[in-house]
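Reviewing the structure listed below.
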Amino acid sequence: MAKQKHFAARASEYLNRAEKIKNLIDEKKAAGTYRELIKIENGSIGHGYESVFGRFLDTTVTYIHVEDPYIRAFHQCQNFVRFCELAVRKCHALSKITLVTTFDPEDRKNQITRLEELRKSLLSKLISFNISFSDTLHDRQILLSNGWVIKIGRGLDYFKAPDGKFVLGACDLELRSCSETTIDIFHRSHLNNDIT
């Protein structure tokens, strides 16, 4: 009986701490001062899209704007599809995704074919997908309509190639080895109106 009371008191204490942390984050978010910096080490695993920034994709997101100059090669387009799959699963009110990228100088036709196939697939979920190309784009960022900004040094392509097609990490990015990169996540409440 004493153990139960002890564990109940500890659980209550942890819940109170979690609530205080949540309130602090909400206050900083509302003030536009919340910032999270994630450093991914070279060769580390456990940094798939869902675990790194999936918690910012929620039912309040209606629109996602992605700027990434390297959604070109086959594996980069696959990474973008994985990102879109996560967004569709978590953002139930999602109606629009935009992508700004650069043309693949060696395989423009296949790049466009892949992105058009994704457009049709998203449309089947009633999500519009607009693509534009820039010759000068360098920075990489994801802007969410709920005010979150995700800046990834390497963009969505921060995973190393798997060692084979039938190895752990070939399909599940949480098990894939990463290249070194930094991810900067912050909230700006005024972005809600700026990215429509």
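The values are calculated or read from the model by the stated rules, or taken from the named source; none is laboratory data. Note that this is a predicted model, so its numbers are computed, not measured. Note: ideal-geometry Cβ built from the backbone for every residue, glycine included; neighbour counts use all protein chains shown. Note: areas computed on protein heavy atoms with side chains; ligands, DNA, RNA excluded. Shrake-Rupley method; radii C 1.70, N 1.55, O 1.52, S 1.80 Å.
Just flag the chymotrypsin sites (Phe, Trp or Tyr not before Pro) in the range 107-196 sitting in loop per DSSP whose Cβ has no more than 13 other Cβ atoms within 10 Å. Those that pass, being in a loop and sparsely packed, are PHE166. Applying the Karplus relation 6.51 cos²θ - 1.76 cosθ + 1.60 with θ = phi - 60° to the range 45-56 yields 3J(HN,Hα) values of 10, x, 10, x, 4, 5, 6, 7, 9, x, 5, 8 Hz, where x marks Gly and Pro. To the nearest ten degrees, helix 2-31 and the longest principal axis of the Cα atoms of the chain are 50 degrees apart. For the range 13-127, the Kirkwood estimate of the hydrodynamic radius, built from every pair of different alpha carbons, is 16.6 Å. Protein-only accessible surface at a 1.4 angstrom probe places the residues SER12, SER134 in the order SER12, SER134, largest first.
Taking label points 7 Å from Cα along the Cα-to-Cβ direction, GLU13 and GLU117 give a separation of 5.5 nm.
Per the Kirkwood formula applied to alpha carbons, the chain shows a radius of gyration over Rh ratio, Rg over Rh, of 1.04. Between 0 and 90 degrees, the angle of helix 74-90 with respect to the longest Cα principal axis of the chain falls at about 40 degrees. Seen against the Cα atoms of the chain and their longest principal axis, helix 108-123 is set at about 50 degrees. For GluC sites (Glu not before Pro), the sites in the range 1-103 that DSSP calls loop and that have at most 16 other Cβ atoms within 10 Å are GLU41.
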